[in-house]
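Encoded as structure tokens, the structure appears first; notes follow it.
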Amino acid sequence: MNAPTPAEPAPFARSIHLLYVPTLCCNLSCSYCYLGKQTTEAALKLDAQRAVGTLRHTLNALQDAGVLAFNVSLHGGEVTTLPAPVLDELFGMIRGHYLANFDALNALGHKKSAPHIKTNLFKFAPFYELFDRHKVSISASIDLPLKLHARHRTTRGGTDWLPRTLENIRLLARYPHAKKISATLSAEHLSDVPALIDDIWFIHRELGFDMNQFNLMFAFGSELNRAAKGDGALEPASAAQQMQLYEALKAAFTGTELEEGLRRNWFDEFKPTYCTNAFNCGERFYLLQSDGSVYSCVRGQGIEAFRYGNVFEDPMLDILDNGARKIRLIHQQHGFDGACQSCSHLSACHTGCPVVKYQNQNGRSYTCGLQKAIYADNPKSYPAERPTVQRDYAVRYAQDMHPSLAFANNAQPDTTKRLLLPNDLGEEKNTLQAMIAADTTLQSLFSDSAFIVELTDEQLPLRSQLLKPRRTQHTLVPGDPVLLHLRQDVLQANCPELIRNTLYLQLLRDTPVVYGDEQRTKQEHIFTYQLYANCLQPSERFGADYLQVDLSDLLTLHQRHFRRGVINNLFVTTLFLREYHYQKQKNNAFYHVQTANLPFQNFEFHYLP
């Protein structure tokens, strides 16, 4: 067995789930594949040469770092594009890993003893004996309804191979070890739910495969898929379609021999035990490629925001810690949705999959409605939290996942010292976004087209630091031209006399100081600068609706206050919008608590003297 064999049991400080992608190569061209062109550009020969060595190196590195891989699963691409001798060695290594760490795995409640693979079944028959010998657990992907298998799951040459799929399902039904079937559904797949139901019965009764061992997934929007497929990319299923499917399956299979599968397995991906419901999946789930790159999971492959490092270049613990940091950052960038804050199942869902949040640019789980329906149908398995318990958990979640939110500051899980919040803080109407939508002056204050910074070669519309989806930083050097353009009508917002209004700038740097009645740690102020409205010049780039001011000399004047490696933070607003902000804080507690940090549009930069 090609696994680490220590002289005595290794002390494991943590355990992780490891998905291993020995090759990204695939022999199919599925319309909804979120890997995009990665499956066609993979170097199969190179992958075959390094696949075994990469897994061996990683398992040893994990063990040296005190980390136990409690589950090692093979994923793709398509695993069976690799030569049989390579798979044989990989299976042996994984079995050896489980055997060498039997006691530690058993102590954690994990019973894994055999390898697991995800496969499209295209080469299942030729590998049957090899799988059987290693007792490999099989997860087979198909399309339902089956008529769409011929359209959306073709070979690289566009050939329909549905008859071969059906024969391989018959063979899989006779396979003596653990197995299941999965199907990924788009909007088109759900356009004919009766056909989907009929095909579940067909596979169960005619092909002999026990469809209690079946699970559903939903396709989601993917930039890589759209780039690869263009007009051929499939539209994701809507929330309404997800619910229609769920209700139709309940009606068709309740009271039948497949009811157990319906209630136990089919919707497993959307239940609290699945990775997408983890508090921070970056602390436990990792995907390794044969080149040593580590990503979040199959959904995050090839996306830089979800790349954690490389096992041949970075210390193992740094990679794992980077994963937790990146996932936390993705959640923070998409905010703590108001409905999630008050949801009685927050502790079960944790607001959903960060990769799908990133792809959809939405802070709430893409299967929120479906999940709530599953929880409601199984109230003993997934009980709703009592209001007091829910509020405490929302505070703890905000503190750990969204520490920058003002209402999470200094919150204590100890109920004798916890931060007390109003019960209706999480109501939709009290979210910052809802208050902005209801107030035209706030719309001017938070506008993402009101201020534009022009650098040498780019124009940067500024957004409020509280609302921007991700943080960006720039580097300036002395002599760089920096122009600020502002929309003229912004100067009129909340302003009784235009002649009295000013462009209002505040420059801070990230050298923390503590001050004020609340003794908060804040960025240090460098300057406050005001320029009266009638001193602004017409914008040379954006036309009559905009004015401009050159900030180059102002920044040069203060360059001795800039420090190498320290970020500088320029906030931009107008005098009367700033006054409106502070008056709104006095009048509205919900606004105040969510804008304790400066809400104005900002520009962050390093300055290299």
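The values are calculated or read from the model by the stated rules, or taken from the named source; none is laboratory data. Model, not experiment: these values are computed from the prediction. Quick reminder, even Gly has a Cβ in these numbers, built from the backbone with ideal geometry, and neighbours come from all protein chains shown. The accessibility values were calculated without ligands, DNA or RNA, using every heavy atom of the protein model including side chains. Shrake-Rupley method; radii C 1.70, N 1.55, O 1.52, S 1.80 Å.
Conditions (1) free of Cβ contacts under 8 Å to residues at least 40 places away in the same chain; (2) touching a Lys or Arg at 6+ places or on another chain (Cβ under 6 Å); (3) open to solvent by less than 40 Å² (accessible area, probe 1.4 Å); (4) outside any helix (DSSP H, G or I), marked per residue:
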| residue | (1), (2), (3), (4) |
| --- | --- |
| L62 | no, no, yes, no |
| V72 | no, no, yes, yes |
| E89 | no, no, no, no |
| L99 | no, no, no, no |
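If the condition is being part of a strand (DSSP E or B) and either closer than 16 Å to T184 by Cβ or among the aromatic types (F, W, Y) (or both), then the range 137-166 contributes S139, A140, S141, I142, R153, T154. Of the residues making up the range 456-489, those that are farther than 25 Å from L536 by Cα and in contact with a helix residue (DSSP H, G or I) (Cβ under 9 Å, 6 or more places away or on another chain) number 6. Consider the range 262-309 and keep the residues that are closer than 27 Å to G369 by Cα and acidic (D, E). The one that is least open to solvent (accessible area, probe 1.4 Å) is E269. Scanning the range 474-510 for residues that are exposed (fewer than 13 other Cβ atoms within 10 Å of the Cβ) and either touching a Lys or Arg at 6+ places or on another chain (Cβ under 9 Å) or in a strand (DSSP E or B) (or both) gives a single hit, T475. Evaluated against (1) closer than 15 Å to F605 by Cβ; (2) surrounded by fewer than 13 Cβ atoms within 10 Å (Cβ to Cβ), H558 falls short on exactly one condition, (2). Taking residues in the range 497-514 that are over 18 Å from H485 (Cα atoms) and of a type in the set (K, R), and partners anywhere that are assigned to a loop (DSSP other than H, G, I, E, B) and open to solvent by less than 20 Å² (accessible area, probe 1.4 Å), the pairs with Cβ atoms closer than 9 Å and at least 6 places apart or on different chains are R509/F562; R509/I567.
Would the range 511-532 turn up any residue that is in contact with an Asp or Glu (Cβ under 7 Å, 6 or more places away or on another chain), surrounded by fewer than 18 Cβ atoms within 10 Å (Cβ to Cβ) and β-branched (V, I, T)? The answer is yes, given that some residue of the range 511-532 is in contact with an Asp or Glu (Cβ under 7 Å, 6 or more places away or on another chain), surrounded by fewer than 18 Cβ atoms within 10 Å (Cβ to Cβ) and β-branched (V, I, T). With respect to K326, determine if the residue is under 30 Å from R50 (Cβ atoms), open to solvent by 30 Å² or more (accessible area, probe 1.4 Å) and among the basic types (K, R). Spelling it out, K326 is indeed under 30 Å from R50 (Cβ atoms), open to solvent by 30 Å² or more (accessible area, probe 1.4 Å) and among the basic types (K, R). All conditions in (1) within 20 Å of E235 (Cβ to Cβ); (2) in a strand (DSSP E or B); (3) out of contact with any Leu (no Cβ under 7 Å at 6 or more places or on another chain) hold for A183, with the sole exception of (3).
Residue by residue, here is whether (1) surrounded by 15 or more Cβ atoms within 10 Å (Cβ to Cβ); (2) more than 18 Å from H75 (Cα to Cα) holds:
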{"residue": "F122", "(1), (2)": "yes, no"}
{"residue": "R133", "(1), (2)": "no, yes"}
{"residue": "I142", "(1), (2)": "yes, no"}
{"residue": "R153", "(1), (2)": "yes, no"}
{"residue": "G157", "(1), (2)": "no, yes"}
{"residue": "W161", "(1), (2)": "yes, yes"}
{"residue": "A178", "(1), (2)": "no, no"}
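State yes or no: is R578 assigned to a strand (DSSP E or B), closer than 24 Å to S404 by Cα and of a type in the set (D, E, K, R)? In short, no.
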